[in-house]
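Notes for the one structure printed next.
The values are calculated or read from the model by the stated rules, or taken from the named source; none is laboratory data. The structure displayed is predicted, hence computed values, not measured ones. A quick note on method: Cβ atoms are made from the backbone with ideal geometry, for glycine too, and the neighbour counts reach across all protein chains shown. SASA here: full protein model, heavy atoms, side chains in, ligands and nucleic acids out. Shrake-Rupley method; radii C 1.70, N 1.55, O 1.52, S 1.80 Å.
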Amino acid sequence: MFSLLLIAHTSAKAQVYIRENAKSQQADSVLTTRAGALNFLAMGDWGRNGADHQKEVAAQMGKTAAAVNAGFVVSTGDNFYPSGVISEQDPLFRYSFEDIYTAFPLQCDWYLILGNHDYKSNPDAQVAYSKISRRWKMPARYYAKTFAINGDTTQQVLLAFIDTNPLIAEFYKNAEYGPNVRSQDSARQKQWLDGLLRHTSKNIRWKIVVGHHPLYTGGSRTEGYDTKAVRASLNSMLDQHGVDLYLSGHEHSLQHLKPAGKTHHIISGAASEKTAARLVPESLMAASAYGFWVFSVTGNELLAQAVDDRGKVIYKTAIRK
């Protein structure tokens, strides 16, 4: 069950569209905090050496992380533009990450996945950087992590971090992506994900899958080959295993979509660039805005808030059990 808490609005800085036939109320722009919740931020499509609002979004991330006492940050991929990194010693790790996200509340664990731009050079260099940086956590191209809610191991959140690039057939023929995609076994990854979601502990209250490419979007890639490929590959599995949330990037906007089935879809790909977004049939919200999402998870509620580069909460939604 879900409820929408805001109505549509526009400004000079952002365009926010919200489905009118949902329960809503006037936006108050104020960040909501939940006592005893598992709090984390989610951002994506960000590595531009501080250019195009990356620094502004980073500053607001620091303030928001402090306000909610965030435990970690999730990146939805495209960590380094334009073409990834060449080694774990690449200076982009400093220029686009270490020197940008400097606020003390952001010196927490960062759990990251690979985007298509990260595939243009050496994706495994980002895995290797996990052994250099204390906060950079990418132990493999896909992996999983469980988190206890407020320290209670009987109420846990499962996050599965996947690599959607090998799920896109067109990438195997691409001169830039192809070499790094062809080395991957997409069937093996899907078997791993299926087993992970199928055999969860009874203590898992929430299942969240994080992948770079969205399954549904009201951005420029609504009918894109990559969107269709990942949807065809993952949609039935998410539904079958009752995944609560699929979190992605790739589109440089902030979106919330709810197609048929249980799974909500949230796009967070606007951490340093924004592009146009609109409502499509699956949409509940689409915002052309710089920003990120903050999640607060309790045993019975997943509160998601979209925050722009000025620190304004432009949308809130609560998914309840």
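Model label sites at H199 and E301, defined 7 Å from Cα along the beta-carbon direction, differ in position by 3.6 nm.
Step through the table entries K63/K316; K228/K262; K55/K262; K63/K207; K120/K321; K63/K120, compare each Cα-Cα distance with 29 Å, and write down the pairs that go over it.
K55/K262; K120/K321; K63/K120, as the Cα separations exceed 29 Å there.
Over the stretch 77-169, what percent of the accessible surface lies on carbon and sulfur atoms, probe 1.4 Å? Taking all protein chains in place, the stretch 77-169 shows 52 percent carbon and sulfur surface. For G47, the residues whose modelled amide H falls within less than 5 Å of its own, excluding neighbours fewer than 5 places apart on the same chain, are F80, Y81. Taking label points 7 Å from Cα along the Cα-to-Cβ direction, E223 and Q107 give a separation of 5.1 nm. Around H213, which amide H atoms from residues at least 5 apart in sequence, or from another chain, sit under 5 Å from its own amide H, with H modelled in the peptide plane? Residues meeting the amide H criterion: T164, G249. Ranking G269, I319, S236 by Cα position along the charge dipole of the stretch 235-321, where only Lys, Arg, Asp and Glu carry charges on their C-beta atoms, puts I319 farthest toward the positive end. Beta-bridge orientation, the chain: approximately 65 percent antiparallel, per DSSP, counting only bridges with both partners inside. Rolling a 1.4 Å probe over the protein heavy atoms gives the chain an accessible area of 38 Å² per residue. Within the assembled protein chains, the solvent-accessible surface assigned to D194 is about 40 Å², based on a 1.4 Å probe.
Could you compute the FRET efficiency for K131 and A260, with r as their C-beta to C-beta distance and R0 at 51 Å, rounded to 0.05? Intermediate results must be reported in sequence, preceding the final value.
Details: r = 43 Å, r/R0 = 0.84.
The computed FRET efficiency comes out at 0.75.
Only helical DSSP H runs with n ≥ 4 go in: add -39500 (n - 2.57) per run for the chain, normalise by residue count and round the 222 nm mean residue ellipticity to 500 deg cm²/dmol. Write down the numbers at each step before the final one.
Details: 5 runs with 54 residues, N = 321.
So the calculated ellipticity at 222 nm is -5000 deg cm²/dmol.
Between T275 and T32, what's the calculated FRET efficiency when r is the beta-carbon distance and R0 is 30 Å? Round to 0.05. Once the sixth-power term is evaluated, E becomes 0.65.
Of all the options Q107, Q60, Q191, the one that moves most in a Gaussian network model of the chain with Cα springs shorter than 10 angstrom is Q191.
Restricted to Cα atoms, the chain shows a radius of gyration and a Dmax of 17.9, 51 angstrom.
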